[in-house]
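The block underneath contains the structure these notes are about, expressed in structure tokens.
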């Protein structure tokens, strides 16, 4: 029952973090195994969804730190951005958009994992600052700071790429 209720959220977080469907599926399974083993530690006075997503976040960060695996293939990026009315007028526009997304993902991967996760949760998944703060078990001010710092770093990277003509 827990898996059915929370699998989409956990998978989405894992996919946003890893960028690979196969890796996200593996990570999701590991997360639910960890949830199962840690259920006795759950404090019933606390929000279960926040507890589960915090456990998922910690697992993803730990996994990233262990492997230091650089994600190179971000072909499914468009599917995971918040829906925007984007009309591609020509193949050149489509190519330009793919290149911009590639640069954006390279930028995201260059960020420290704590800042990257805050950006993913807030800007890509569209969560409110308070939700991100609950998931990351941080004060709202810290989340705002991390998101702002990440945006500034991404903007600098995008500006450099534009100046270099990439």
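Mind counting the residues in region 20-49 that are under 22 Å from residue 131 (Cα atoms) and under 16 Å from the mean Cα position of the chain (by Cα)?
4
Report whether or not residue 85 is at pLDDT below 85, assigned to a helix (DSSP H, G or I) and exposed (fewer than 15 other Cβ atoms within 10 Å of the Cβ).
no
How do the pairs read when you match residues in region 140-166 that are surrounded by fewer than 14 Cβ atoms within 10 Å (Cβ to Cβ) with residues anywhere that are outside any helix (DSSP H, G or I), using Cβ under 9 Å and keeping only pairs 6 or more apart or on different chains?
Listed pairs, sorted by first residue: 160/166.
Which of the following residues is at pLDDT below 85, surrounded by 14 or more Cβ atoms within 10 Å (Cβ to Cβ) and either farther than 23 Å from residue 130 by Cα or touching a helix residue (DSSP H, G or I) at 6+ places or on another chain (Cβ under 6 Å) (or both): 65, 71?
71
The values are calculated or read from the model by the stated rules, or taken from the named source; none is laboratory data. What you see is a predicted model; the values in this text were computed from it and never measured. Heads up, the Cβs are rebuilt from the backbone with ideal geometry, glycines too, and the neighbour counts pull from every protein chain shown.
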